[in-house]
Amino acid sequence: MSAFAHPRIDPESGICEYFSAGQCESCSLMRTPHDAQVREARERLHSLLAHAMTPATVWEEPLVSAPWGFRTKAKMMVRGTANAPVFSFPGTHEGVDLADCPLYPTLVTDVLDSARALIRRAQVPPYNLDKRRGEIKYVLVTATQTEAMVRLVLRSTSALERIREHLALLDPRVSVVSANIHPEHEALIEGTEEIHLAGADRLRLPIGGIDVDVLPRSFTQTNTAVASELYAQVARWILDSGAHTAWDLYCGVGGFALSIAHEARARGAHMDVTGIEITSEAIESARGSAKRHGFAGAVGPLTTPEPSVRAHFDTADATEWARHQPNLPEAIVVNPPRRGIGDALAAVLNASGVRTIAYSSCNPETLAADLARMPNYRIARARLIDMFPHSAHNEALVLLTRATAGER
């Protein structure tokens, strides 16, 4: 029996009716009970990382997501007509509307319904891939528990006046509205031009004891509840290691760095953490959050008698930046894209001598390959991250420490 009441989930089998009808196959593991999904994923991860483990490696209990209502981000392709817009996932069956997918919390579903009403009233024709005609390509939603940001991905600016005229149709909990202009006929979901339409210029996303600024084009995790515990776990590991200086490479909007700063402040400890990200909008978000939480400050040695906590952020390529730093920190966090950190950064880290490295991976296969490139480190602690239930996409978190001579 499913404990989650949703009209699209069969109360006996716990299976979504879209999956049962063959209309959506995104949740490929739907017929496997969630606890079995987690158990089997942990076993696969253990086998995959065996080459970097020691007899002393500690496996934390998996960080398990709620099975439903966990996706706080929606990326909906708009099909159909201006009078009858259809919201679906890329690659799903045409004509099947998935706006009430049970993976979404109620707020996301409500916001999508209101976006549909806006498209109808403003008469914005969905973009037709085959004919290369139409205007609206995607509706993108990012939500907290109480408010949401909506981005309308459009082929051009021709429908903006009509859209602005009817913005009041959006759910009142929508606090940020923008249009992304994407004129190209290509697989990328969004373009480079963002036009603010209404509300604030950013969303404040709570993660644990802090909240981060999210600008429209900033990346955030899809599963906020799991991401919050992920950030907190890394912060505990870094502070438990005794580190007072840290890098957060591929920092995005600063989730790990800000969580480390927050944990240091809670413990009354010194901490100076630097976040590096190649996307300037993400760094703008992170800097705004650091300033608001009182973590921003001048760069320099932490010499004050009272505990001082600072978090500062720079736009740069993580590998090139790390390679040219004259001074190393006591701990490093890496959170790379699916391709992993690669040969160059792995070589930098392997030769660094840094005591503690926390590696958060959205692709366990590339994590395993990167660890093979870093023989000077071994896994002290590991944890499976159940970020996307019902799919084969799992994430992993490992704490690395310097290997002894006998372990290399």
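The values are calculated or read from the model by the stated rules, or taken from the named source; none is laboratory data. Quick caveat, the model's predicted, so the values are computed rather than measured. Positions of Cβ are backbone-derived with ideal geometry, glycine not excepted, and every protein chain shown enters the neighbour counts. Surface areas here come from the heavy atoms of the whole protein model, side chains and all, with no ligands, DNA or RNA. Shrake-Rupley method; radii C 1.70, N 1.55, O 1.52, S 1.80 Å.
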Pop a pseudo-label 7 angstrom from the Cα along the beta-carbon direction at both Thr315 and Asp130 and give the gap in nm to one decimal. 4.2 nm
Per residue of region 158-172, what does 6.51 cos²θ - 1.76 cosθ + 1.60 with θ = phi - 60° give for ³J(HN,Hα)? Whole Hz please, x for Gly and Pro, Karplus curve as stated. 5, 9, 4, 4, 5, 5, 4, 4, 10, 4, 5, 6, 5, 3, x
Highest GNM mean-square fluctuation, the chain, Cα pairs closer than 10 Å: which of Thr222, Thr146, Thr81? Thr146
Of Leu160, Leu230, Leu140, which is the most mobile in a GNM of the chain whose springs link Cα atoms less than 10 angstrom apart? Leu160
Around Glu395: net Lys/Arg minus Asp/Glu count, Cβ-Cβ under 11 Å: +1
Once phi for every residue in region 14-22 is put through the Karplus expression 6.51 cos²θ - 1.76 cosθ + 1.60 (θ = phi - 60°), the whole-Hz ³J(HN,Hα) values, with Gly and Pro written as x, are x, 9, 5, 5, 5, 5, 4, 7, x
Return the FRET efficiency for the residue pair Glu186, Arg267: r is the Cβ-Cβ distance, R0 is 45 Å, and the value is rounded to the nearest 0.05. 0.40
Show me the ranking of peptides 72-79, 41-48 by mean Cβ neighbours inside 10 Å, starting with the highest. 72-79, 41-48
Between the residues Ala148, Ala82, Ser65, the Cα farthest towards the positive end of the dipole of region 48-186, that dipole coming from +1 and -1 charges on the beta-carbon of Lys, Arg, Asp and Glu, is from Ala82
Sorted by chain and then number, the residues having a modelled amide H within less than 5 Å of the amide H of Leu103, at least 5 places away or on another chain, are Gly69
Kindly provide the helix-only [θ] at 222 nm of the chain, computed as the sum of -39,500 (n - 2.57) over DSSP H runs of four or more divided by all residues, to the nearest 500 deg cm²/dmol? -8500 deg cm²/dmol
Which order do peptides 57-65, 169-177 fall in by mean Cβ count within 10 Å, highest first? 169-177, 57-65
For a Förster distance of 35 Å, can you work out the FRET efficiency between the beta-carbons of Gln325 and His46, rounded to the nearest 0.05? 0.55
Amide H of Phe313 versus every other amide H placed in the peptide plane: which residues, excluding those fewer than 5 positions away on the same chain, fall under 5 Å? Gly275
Compute the acute angle (0 to 90°) between the alpha-carbon long axis of helix 280-292 and the principal axis of greatest extent of the alpha-carbon atoms of the chain; round to the nearest 10°. 70 degrees
Need one value: the accessible area of Ser26 in square angstrom, 1.4 angstrom probe, rounded to the nearest 10. 60 Å²
Between helix 106-122 and the chain, what is the angle of the helix's C-alpha long axis to the longest principal axis, kept within 0 to 90° and rounded to the nearest 10? 40 degrees
Amide H partners (placed H, <5 Å) of Ala198, local residues excluded: Val177
Along region 23-35, Karplus-curve 3J(HN,Hα) (6.51, -1.76, 1.60; θ = phi - 60°) to the nearest Hz, with x for Gly and Pro, reads 8, 8, 10, 4, 8, 5, 9, 3, 7, 8, x, 4, 5
Structure-derived Cα extents along the principal axes in Å: which label, when the choices are (i) 79, 41, 40; (ii) 68, 48, 36; (iii) 84, 63, 43: (ii)
Whole-angstrom gap from region 181-208 to region 30-91, using each part's C-alpha centre: 24 Å
Report the gain in length on full extension from Ala198 to Ser280: 0.36 nm times residue separation, minus Cα-Cα distance, nm rounded to one decimal. 27.3 nm
Which value, in Å² rounded to 10, gives the accessible area of Phe70 with a 1.4 Å probe and all protein chains present? 10 Å²
In nm, the gap between the two label points placed 7 Å beyond Cα toward Cβ at His393 and Glu17 is 2.6 nm
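Ordering Glu94, Glu281, Glu17, Glu135 from largest to smallest accessible area (1.4 angstrom probe), what's the sequence?
Working: Glu94 145, Glu281 45, Glu17 80, Glu135 15 Å².
Descending accessible area places them as Glu94, Glu17, Glu281, Glu135.
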Contour excess over end-to-end distance, with Cα ends at Ala36 and Lys291 and 0.36 nm allotted per residue: 87.5 nm
Between the Cα axis of helix 342-352 and the main Cα principal axis of the chain, the angle (0 to 90°, nearest 10) is 30 degrees
Under a crude label model (7 Å from the Cα following the beta-carbon direction), how far is Arg338 from Phe89 in nanometres? 1.3 nm
State to the nearest 20 debye the size of the charge dipole of region 232-386 about its Cα centre, where the only charges are +1 on K and R beta carbons and -1 on D and E beta carbons. 360 debye
To the nearest 10 square angstrom, how much accessible area does Asp317 have with a 1.4 angstrom probe? 70 Å²
For region 348-385 and region 103-140, what is the centre-to-centre distance using only Cα atoms, to the nearest Å? 41 Å
How big is the dipole moment of the chain about its Cα centre under a simple scheme where the beta carbon of each Lys and Arg is +1, that of each Asp and Glu is -1, and everything else is neutral? Debye, nearest 20, please. 220 debye
